[in-house]
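Since the structure comes first, as structure tokens, the remarks are kept for the end.
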Amino acid sequence: MKIITVNLPISYLKTMDGLIKEYKIYPSRSELIRVAIREFLMKELEAAQDPQEAADQEYIQAHANSPEQKTEIDQSLFIRVPAGKIDEDGIYKMYRIVKK
């Protein structure tokens, strides 16, 4: 793994610390950032491979007035939580999906 430096607003850091210390969702800032970047990259790669499908799903999610109108599960209601063992690079190998 490489070390990078990122400047973040204090409000982001406070929110991250809350997820780590208060809610115990992530074990560290580093793991939280790795998960966030991984999710972002997967979403962007999927959108790059099929931009029309991604745009359609985004539109449906943005314009649905009720849960019945949504064609897919509202993913914002769920979060990926690190579980299992950490590999030699310090990355969790397994995750659980839990409702927020």
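Details
- Y23-A36 pseudo-label distance in nm [points 7 Å out on the Cα-to-Cβ vector]: 1.2 nm
- Simple label model, 7 Å out from Cα along Cβ direction - A47 to L8, nm: 2.0 nm
- Of the chymotrypsin sites (Phe, Trp or Tyr not before Pro) found in the range 1-45, those in coil by DSSP whose Cβ has at most 11 other Cβ atoms within 10 Å are Y23.
- Taking θ as phi - 60° and the Karplus parameters 6.51, -1.76 and 1.60, the scalar couplings of the range 33-40 work out to 5, 4, 5, 4, 5, 4, 4, 4 Hz in sequence order, x denoting glycine and proline.
No lab work stands behind these numbers, since they all come straight from the coordinates. Everything quoted here is computed from the prediction, not taken from an experiment. Heads up, the Cβs are rebuilt from the backbone with ideal geometry, glycines too, and the neighbour counts pull from every protein chain shown.
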